[in-house]
Amino acid sequence: MNWLDIVKMAVGAGIVTTLLGQCIEWLREAGADKRKTSRIARYSAVRIAVVLEQFAIHCAELISNRKLYYSTGGAAGKVDTKIPALLPYPDDVGWNALEISWVARALMLRNEIMMAQQEIDFWYDLDWEAMPDTVDMQSGKCGYLAWRLAADLREYYRLPLYHPGETSWDAIGLLEPYYRDALAGKKKAQSG
């Protein structure tokens with residue numbers, strides 16, 4: 001073996017070592033970026049879920065207050081004609097870290113709430129007697145959609161689930177039948 005062969009081997013080994021070291025560094029950085037994005041996504045998901053859960057609870061409260069109003073002859077409770085407001089999502093949500101399907105559902109919910117309020121307003125102007133049932137149906141539907149989205153986010157991002165019925169009143173149990181009735185009514189209207 002001559003000196004030229006030794007130099008070629010040394011240079012070749014140096015290049016291979018350098019490339020290997022660079023690849024390891026790239027993999028390490030990619031893993032760190034993925035972990036950071038995952039942390040941002042989980043944090044964002046829990047922030048969105050809490051806003052959605054609050055909205056759902058307010059929807060259940062609206063229905064409960066109306067039932068109380070009519071069951072007490074107006075002595076307690078109240079009748080609202082407006083679906084509760086969905087609070088703005090927090091400013092620190094990392095939307096680009098979330099799966100796009102979750103982003104779409106969270107943003108589309110505002111349209112669903114707007115259309116539900118439009119239906120309530122229609123019945124308010126047309127038939128006052130039908131309006132309370134419409135408010136309940138639409139509030140129940142929107143509240144339950146928000147709750148399902150919050151629960152789905154929590155499950156997908158492996159966050160602790162929230163079960164208020166275990167320690168408080170079962171707001172979600174109140175909402176679900178209205179959601180089911182709204183779906184059944186929509187299917188009936190489409191088939192008839």
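Please verify whether the range 155-171 includes one or more residues that are under 19 Å from the mean Cα position of the chain (by Cα), at pLDDT 90 or above, within 19 Å of L109 (Cβ to Cβ) and in a helix (DSSP H, G or I).
Yes.
Among the residues of the range 47-103, how many are within 25 Å of the chain's Cα centre (by Cα), among the small types (G, A, S) and in a loop (DSSP other than H, G, I, E, B)?
Adding up the residues that qualify gives 2.
The values are calculated or read from the model by the stated rules, or taken from the named source; none is laboratory data. On a predicted model such as this, the values are computed, not experimentally measured, just so you know. Positions of Cβ are generated from backbone atoms using ideal geometry, with glycine treated the same way; all protein chains shown enter the neighbour counts.
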